[in-house]
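The values are calculated or read from the model by the stated rules, or taken from the named source; none is laboratory data. Just so you know, these numbers come straight off a predicted model, no measurement behind them. Quick reminder, even Gly has a Cβ in these numbers, built from the backbone with ideal geometry, and neighbours come from all protein chains shown. Heads up: the accessible areas ignore ligands, DNA and RNA and are worked out on the full protein's heavy atoms, side chains in. Shrake-Rupley method; radii C 1.70, N 1.55, O 1.52, S 1.80 Å.
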Amino acid sequence: MELKIENLSKTYSNGVQALKNVSLDIPQGMFGLLGPNGAGKSSLMRTLATLQQADSGSATLDDIDILNEKSKVRKILGYLPQEFGVYPKISSYNMLDHIASLKGVSNKGERKDLVESLLTKTNLWHVRNKSLGTYSGGMKQRFGIAQALIGDPRLIIVDEPTAGLDPAERVRFHNLLSEIGENTIVILSTHIVDDISNLCNNMAIICLGEVVAKGNPADLTNSIKDRIWKKAIPKVELENYKDEMQVISTHLKAGQTIIHVLNDNQPDATFEASDANLEDVYFAEITSRMETVSA
């Protein structure tokens, strides 16, 4: 099973080009789509979820043409958008039962087994009779995954699923997504680097509507191995360093500004080597792209 995207482009009526010739091959398993807010992630997800039409390009899931066979796509799609509403006074059990009915599970016994299985899988069985309006943010996200799993989807899209979750809920959600990704294609769209590094064997970084890097997270990290240097500096000197070298990120620590610099060699004796990680890859690609646009 493979999702193949070729030269997908989308420009909105206000002139913003959200997608610029995006091409990706996405195999079965967890695939991470990483990028800053406004990068085009949600535009790509909405296009794949048949919620908007692309201007050009193609997207196929095995033998299904996603752009032109929307009804077929919706039968095998599970979608959890960044923001979704719930009926606050309805229990999760009754809501899932209703959604399953709408999706064509007409047999009452079959529907009962499905709903009970999903509530158990998402760790909501103990609150199945409570109204959705009483659920925490993490519980609502798990309910969102439960409804997305109805119909045994072959493609699942989750857009910024862990934003706003506490650490314990994020771990539960990660475990759930990992389990789901064993048997289907799961696209995880996020700006949280740790979510990608913890969950995904394949990924892409998107910025200003374009794919700027793609591959295995470990391979991408190895591509900048021994090229990351760090130094603590006074904040007032930051702009000077940006003028002189490729500063890819800054962090505040104990009142000091820690800069990470991408360079083939040690910039000078005041810098120390830093182990490269996926966050360094992300910032290096994003800053490079932004500098190219502004030049």
**Request:** Check cross-link reach from Lys140 to the lysines: straight Cα distance under 19 Å, and skip same-chain residues fewer than eight apart.
**Result:** Lys89, Lys121, Lys130
**Prompt:** Lys pairs in the stretch 200-295, Cα-Cα under 23 Å, at least 8 apart or on separate chains: how many?
**Reply:** 8
**Request:** Just subtract the alpha-carbon distance of Tyr12 and Val86 from 0.36 nm times their residue separation and send over the number in nm, one decimal.
**Result:** 23.8 nm
**Prompt:** Tell me, in nm to one decimal, what length is gained between Thr134 and Val171 on full extension, where the rule is 0.36 nm per residue of separation less the Cα-Cα distance?
**Reply:** 11.2 nm
**Asked** Mind checking the angle between helix 92-102 and the chain's longest principal axis? C-alpha axes, 0 to 90 degrees, to the nearest 10.
**Response** 80
**Request:** Mind checking the per residue accessible area of the chain for me, 1.4 Å probe, whole number of Å²?
**Result:** 50
**Prompt:** On average over all directions, what projected area in square nanometres does the stretch 101-181 have, based on the convex hull of its Cα atoms?
**Reply:** 5.8
**Message:** Quick check for me: using +1 on Lys/Arg Cβ and -1 on Asp/Glu Cβ, what's the dipole size of the chain about its Cα centre, in debye to the nearest 20?
**Reply:** 1400
**Prompt:** Can you list the aspartates and glutamates whose alpha carbon is less than 20 Å from that of Lys112, not counting same-chain residues fewer than 8 positions off?
**Reply:** Asp97, Asp152
**Item:** FRET E, pair Glu291, Gln53, Förster distance 22 Å, beta-carbon r, rounded to 0.05
**Value:** 0.10
**Message:** Given the DSSP H assignment, sum -39500 (n - 2.57) over each helix run of at least 4 residues in the chain and divide by its residue total; what's the result at 222 nm in deg cm²/dmol, nearest 500?
**Reply:** -10000 deg cm²/dmol
**Prompt:** So how far apart, in nm, are the two label points at Glu179 and Glu272 if each is 7 Å from Cα heading toward Cβ?
**Reply:** 4.2
**Message:** Can you tell me what percent of all Cα-Cα pairs in the stretch 1-80 are more than 21 Å apart?
**Reply:** 23
**Asked** What shape does the chain have by the C-alpha gyration tensor, where a ≥ b ≥ c are the square roots of the eigenvalues, rounded means a/c under 1.5, and otherwise prolate means a/b greater than b/c and oblate the rest?
**Response** prolate
**Request:** Taking the Cα centre of the stretch 67-164 as origin, sum charge times position over the Cβ atoms of Lys and Arg (+1) and Asp and Glu (-1), and report the length of that vector in debye to the nearest 20.
**Result:** 220
**Fill in**
Note: Lys72 to Ser23 extended length (0.36 nm per residue) minus current alpha-carbon separation gives 15.4 nm
